[in-house]
Amino acid sequence: MPELIIITVAFLLIVLIAIWWHFIKQNEPSTIINNSQRDDTNVRLYHEHKAEIENDFKQNRIDDENYQFLMAELDKSLLQDIEENKKFSKDDVTESKNLSIIWPITLTTFVLAFSFFMYNYNGAYQQLSQPLNQMNQQGSAQEIQKEQAKQIIDEIKSLIDLTVKEPKNTDAWYSLGQAFVSIGEFNRALESFDQVINIEGESAELYGAKAQAYYYKDKQTITTDVQKFIDKALVLDSKDPSTNILIGMHNFMNENYQVAIKHWEMVINSGKSNVNTEALSEAVTEAKNRLSKTNKDEAITPNSATDSGPQLTVNVAVSEKIQQQLIQGEDKVVFIYAVSSGGEHGNMPVAAVKMKASDLPVSVVLNNSKAMSPQAKIGDVSAVNLYAVVSASGAVGVKSGDFKAEILNADVLSAKPLSLVIDTVVP
């Protein structure tokens, strides 16, 4: 900041010097050329040339005719020089008016006022001082972080001392595990949670804590270890706060907002006393706001301009039993499609929609715009077999381990909405 201010002041000084320079110079004495000096010089040169000509004539270097000619030319030249000198003097002598001091004062005032105005208008002072303020704020933040880190380290030392003195103190072991998670010592955190399990036995809360430790250890991904402890925790308590908050957070980060909302609202409605419901409610509100901005209904809204032919409406839902299994893992892909009952196009779907399990329940419209090929459209057949499949692998087709629902021989011209409830596990 000081360097920039110095440069700005120097620039203003240069401008002001340029303004005042001419006014100062005009008051300095100027050198005036005396015209009589010019005349004397011309006369002196005339006599010198005349002496040279007369000397040449006396020594018979020139004849009388050339002598007379040269003397006449010399006289003529002297007269011309004198006349030119007079003319020059008249043209050169002009009346010069000195600048009034008002002009430099006015320009100086304008430059300073304009500079001050632009300085304030553009917030220059705030911009110049901002880096210094940021440095101060960063310095303060670093000091706070150092202090917090020191407090955590002191707390860990105290907890370690406490577990040494009281090896059966499960609260100390659990707090020690949480402290290790906060500083990234995930292996030691898992060891601390295992000590609690050895003392108290299995619980959803402890498995949820281990799932969180593995989750952060594995760079915030749902790995086999993470999923194993999630499953164990939900078996013991399907509404365990730490586990459901973890699942909700993971889905929120992956933009599966509906799944995140389900898990977080489950925790809020569970009435558990150890949950910060206010913060969790704010997270739910944010997830709902983001969900409202998505365009997931695009797949279920018919386009009247292009969707001519049958408009078969299908309501798709999932049973409560299957839903409990789905919320324990990552969001699955759902395929809703229709295949000709008469076999006109083989197993090629005449209409298909792809979405996520978190979108369910949903209402879709199967029409010609949902065809996978222009040669196989729902408008070309009279009856279809309807399928809704939650794919375990994310691949097309019905495979072992998938969840499904189906309706056979459905009339494509039916005006009544049809319902598919996914409640079957494919063997």
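Quick notes on this one:
Residue-by-condition table, conditions (1) over 30 Å from ILE268 (Cβ atoms); (2) of a type in the set (Asp, Glu); (3) in contact (Cβ under 8 Å) with a residue 40 or more places away in the chain:
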residue: LYS150; (1), (2), (3): yes, no, no
residue: LEU176; (1), (2), (3): no, no, no
residue: ARG188; (1), (2), (3): yes, no, no
residue: ASP218; (1), (2), (3): no, yes, no
residue: ILE222; (1), (2), (3): no, no, yes
residue: SER238; (1), (2), (3): no, no, yes
residue: PRO241; (1), (2), (3): no, no, no
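- Segment 333-357, subset crowded, with 21+ Cβ neighbours inside 10 Å and of a type outside the set (Val, Ile, Thr), residue nearest to the chain's Cα centre (by Cα): ALA357
- Odd one out for ASP218 among (1) exposed (fewer than 12 other Cβ atoms within 10 Å of the Cβ); (2) over 21 Å from ASN274 (Cβ atoms): (1)
- Within segment 250-266, considering residues that are in contact (Cβ under 8 Å) with a residue 24 or more places away in the chain and closer than 12 Å to ALA283 by Cβ, the one surrounded by the fewest Cβ atoms within 10 Å (Cβ to Cβ): MET253
- Selection status of LEU206, in a helix (DSSP H, G or I), in the same structural domain as SER238 (by TED's automatic domain parsing), of a type outside the set (Asp, Glu) and within 39 Å of the chain's Cα centre (by Cα): yes
- VAL364 vs. criteria outside any loop (DSSP other than H, G, I, E, B), under 26 Å from GLY309 (Cα atoms), within 36 Å of the chain's Cα centre (by Cα) and not assigned by TED's automatic domain parsing to the domain that holds GLN258: yes
- Condition check for ALA383 on (1) hydrophobic (A, V, I, L, M, F, W, C); (2) surrounded by fewer than 17 Cβ atoms within 10 Å (Cβ to Cβ); (3) under 39 Å from the mean Cα position of the chain (by Cα): one failure, at (3).
- Filter result for GLY401 (touching a strand residue (DSSP E or B) at 6+ places or on another chain (Cβ under 9 Å), in the same structural domain as ASP331 (by TED's automatic domain parsing) and in contact (Cβ under 8 Å) with a residue 60 or more places away in the chain): no
- Considering residues of segment 237-283 that are in a helix (DSSP H, G or I) and of a type in the set (D, E, K, R) only, the residue nearest to the chain's Cα centre (by Cα): GLU282
- Counted residues, segment 365-383 - those being out of contact with any Gly (no Cβ under 8 Å at 6 or more places or on another chain) and either under 19 Å from ASN409 (Cβ atoms) or polar (S, T, N, Q) (or both): 6
- Residue match in segment 221-232 (condition: more than 15 Å from GLU330 (Cα to Cα), assigned by TED's automatic domain parsing to the domain that holds VAL284 and buried (at least 24 other Cβ atoms within 10 Å of the Cβ)): no
- Cβ-Cβ contacts under 6 Å between residues 6 or more apart (or on different chains), taken from a first residue in segment 320-339 that is within 30 Å of LEU413 (Cβ to Cβ) and touching a residue at least 60 places away in the same chain (Cβ under 8 Å) to a second residue that is surrounded by fewer than 21 Cβ atoms within 10 Å (Cβ to Cβ) and acidic (Asp, Glu), are absent.
- Yes/no for VAL181 being of a type in the set (Val, Ile, Thr), outside any loop (DSSP other than H, G, I, E, B) and not assigned by TED's automatic domain parsing to the domain that holds ASN254: yes
- Residue selected from segment 374-395 under the condition under 13 Å from GLY346 (Cα atoms) and assigned to a loop (DSSP other than H, G, I, E, B), by the criterion modelled with the highest pLDDT: VAL381
- Verdict on LYS377 being more than 11 Å from ALA338 (Cβ to Cβ) and among the charged types (D, E, K, R): no
The values are calculated or read from the model by the stated rules, or taken from the named source; none is laboratory data. None of these values were measured; they are calculated from a predicted model. FYI the Cβ positions are ideal-geometry reconstructions off the backbone, even for glycines, and counts take in every protein chain you see.
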